[in-house]
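Notes for the one structure printed next.
The values are calculated or read from the model by the stated rules, or taken from the named source; none is laboratory data. Given the structure is predicted, the values throughout are model-derived calculations rather than measurements. Cβ: placed from backbone, ideal geometry, glycine included. Neighbour counts: every protein chain shown.
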Amino acid sequence: MRVLERPGRGGTEPLRRRGALVAGAALAAVALAALAAWLLARGPHLAAPRAARPIPGEGGRVVVEVLNTTGVLGLARAATHRLRDGGLDVVAFGSDTGAALDSTQVLVRRGPPRAGERVLDVLGVGSVRVLPGPDRLVDVTVRLGRDFAARAAAPARGP
């Protein structure tokens with residue numbers, strides 16, 4: 001078998017290196033082609049829209065945060081469930097580190113006062129105040145008081 005040599009290069013090493021580079025480039029091209037074919041086959045599935053979910057605050061929806069001032073465990077979560085069942089978007093809930101309130105406060109941060117009235121209708125307790133909070137990303141802040149704790153603890157009445 002005769003080994004080809006390039007004049008002026010000295011030996012077969014450069015030819016082997018070139019062969020390895022060509023083989024590597026061919027392998028990379030095949031891998032890229034396979035990846036492109038796979039992406040094209042899956043493309044419509046990747047770009048398909050997901051099931052429509054409401055965007056908080058869109059379409060007249062009221063965005064709410066719920067804060068528990070009472071220290072009663074789970075009260076903010078109970079109010080959150082009640083508000084969501086009433087069609088309101090609760091985006092945050094937790095504890096308020098301020099003083100415990102006797103009466104629930106529904107604070108309208110942005111938008112019309114009727115947003116607070118909707119929250120009040122669902123909770124069934126409290127009072128509405130307009131207290132703009134441009135730094136807040138919610139329409140209404142609910143500060144739960146002892147009146148809601150008593151209502152949440154009461155057994156549900158039948159029809």
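Details
- Single unsatisfied condition, residue 91 versus (1) surrounded by fewer than 21 Cβ atoms within 10 Å (Cβ to Cβ); (2) farther than 14 Å from residue 63 by Cβ: (2)
- Residues in the stretch 103-155 that are among the hydroxyl-bearing types (Ser, Thr, Tyr), surrounded by 15 or more Cβ atoms within 10 Å (Cβ to Cβ) and in contact with a helix residue (DSSP H, G or I) (Cβ under 9 Å, 6 or more places away or on another chain): 104 only.
- So residue 100, is it outside any strand (DSSP E or B), out of contact with any Leu (no Cβ under 9 Å at 6 or more places or on another chain), under 22 Å from residue 150 (Cβ atoms) and touching a residue at least 40 places away in the same chain (Cβ under 8 Å): yes
- Qualifying residue in the stretch 18-40 (condition: modelled with pLDDT of 70 or more and in contact with a helix residue (DSSP H, G or I) (Cβ under 9 Å, 6 or more places away or on another chain)): yes
- Taken over the stretch 79-93, the criterion of being part of a helix (DSSP H, G or I) and either charged (D, E, K, R) or farther than 12 Å from residue 122 by Cα (or both) is satisfied by 82, 84, 85.
- Criterion (modelled with pLDDT under 95, farther than 18 Å from residue 62 by Cβ, within 28 Å of the chain's Cα centre (by Cα) and not β-branched (Val, Ile, Thr)) met by exactly one of 133, 98, 158: 98
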